[in-house]
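Presented below is the structure to which this report refers.
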Amino acid sequence: MTKFEAVIFDMDGVLLDTESMSDRTFVIAGKEYGLGNIDAAINECRGMNLPDTVAALRRHFGETFDAAAFLQRTSQLFHQLEESEGIGLMPHVQEALSYVKGKYRVALASSTRGATVRRQLEAAGLLSFFETFTTGDEVEHSKPHPEIYLRACQSLGLAPASCVAVEDSPNGVRSAAAAGLSVIMVPDRIAPDEALRSKCWQVAASLGDLLHIL
């Protein structure tokens, strides 16, 4: 088996339970805007950066849809939830990161903006686990394009084949696999079908499984 040198984590839905909060904001804003079939849009946008999310929303709701205003509203709602409820950790986060940090170099590849990534990880007490951060505002193409994982590997000075990605979403799995990383999927909101499983090295029930896989 390949000797891995680094583990690169996604953030939303892998480390932080932000996906459920984000879904709530889309549903609330969708009702305010009178949108139908918001669940399909949510799933397509999962793991995308801002420009690609705008494009996806316009595919769903029309080229004249004011996607920027809609996303500004979801962002406002998210901040309200973050302030009132806080952001929870996914199960076994501290245990898994401590274990991985003791054996590998650790980096982050998140489609979320860098300032938000650092703020949320700092609040969660997780910021110090990571050597490098590659974020959605640094790339032209978001997941499922491989750019973000290629850049994350470059930030470590490592070849993709020597790195493992930990992802929860189909877009994230496709991105990491296309970049040439081995992928551990820890499903959050979307269960993998056979086609997606074929792109994964491992599919784990939770981050706690990393202690046995890596």
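Listed values, structure above:
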item: Failed condition for E19, given (1) free of Cβ contacts under 8 Å to residues at least 40 places away in the same chain; (2) touching a Lys or Arg at 6+ places or on another chain (Cβ under 7 Å); (3) under 25 Å from A115 (Cα atoms); (4) not aliphatic (A, V, I, L, M); result: (1)
item: Residues that are surrounded by 17 or more Cβ atoms within 10 Å (Cβ to Cβ), among the polar types (S, T, N, Q) and either in a loop (DSSP other than H, G, I, E, B) or at pLDDT 95 or above (or both), drawn from region 1-28; result: T25
item: Residues within region 111-143 that are aliphatic (A, V, I, L, M), in a loop (DSSP other than H, G, I, E, B) and open to solvent by 60 Å² or more (accessible area, probe 1.4 Å), tallied; result: 0
item: Residues of region 162-199 satisfying the condition of being touching a helix residue (DSSP H, G or I) at 6+ places or on another chain (Cβ under 6 Å), over 15 Å from E19 (Cβ atoms) and hydrophobic (A, V, I, L, M, F, W, C); result: C163, A165, A176, A179, L181, V183, L196
item: Condition check for E32: farther than 27 Å from M90 by Cα, open to solvent by 10 Å² or more (accessible area, probe 1.4 Å), free of Cβ contacts under 8 Å to residues at least 12 places away in the same chain and among the charged types (D, E, K, R); result: no
item: All positions within region 78-89 that are loosely packed, with under 14 Cβ neighbours inside 10 Å and either of a type in the set (D, E, K, R) or under 22 Å from G30 (Cα atoms) (or both); result: H79, Q80, E83, S84, E85
item: Residue that is most open to solvent (accessible area, probe 1.4 Å) [pool: residues in region 41-72 that are in contact with a Lys or Arg (Cβ under 9 Å, 6 or more places away or on another chain) and modelled with pLDDT of 95 or more]; result: T64
item: Qualifying positions in region 73-98 - among the aliphatic types (A, V, I, L, M) and either under 17 Å from the mean Cα position of the chain (by Cα) or at pLDDT 95 or above (or both); result: L77, I87, L89, M90, V93, A96, L97
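Residue-wise test of (1) open to solvent by less than 10 Å² (accessible area, probe 1.4 Å); (2) part of a strand (DSSP E or B).
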{"position": "P91", "(1), (2)": "no, no"}
{"position": "V100", "(1), (2)": "yes, no"}
{"position": "A109", "(1), (2)": "yes, yes"}
{"position": "H145", "(1), (2)": "no, no"}
{"position": "Y149", "(1), (2)": "yes, no"}
{"position": "A165", "(1), (2)": "yes, yes"}
{"position": "N171", "(1), (2)": "no, no"}
{"position": "R174", "(1), (2)": "no, no"}
{"position": "A191", "(1), (2)": "no, no"}
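The values are calculated or read from the model by the stated rules, or taken from the named source; none is laboratory data. Keep in mind that what you see is a predicted model, and the values were worked out from it rather than measured. Virtual Cβ from ideal backbone geometry, glycine too; neighbours counted across all protein chains shown. When the accessible area is computed, the model is the full protein with side chains, heavy atoms only, and any ligands, DNA or RNA have been set aside. Shrake-Rupley method; radii C 1.70, N 1.55, O 1.52, S 1.80 Å.
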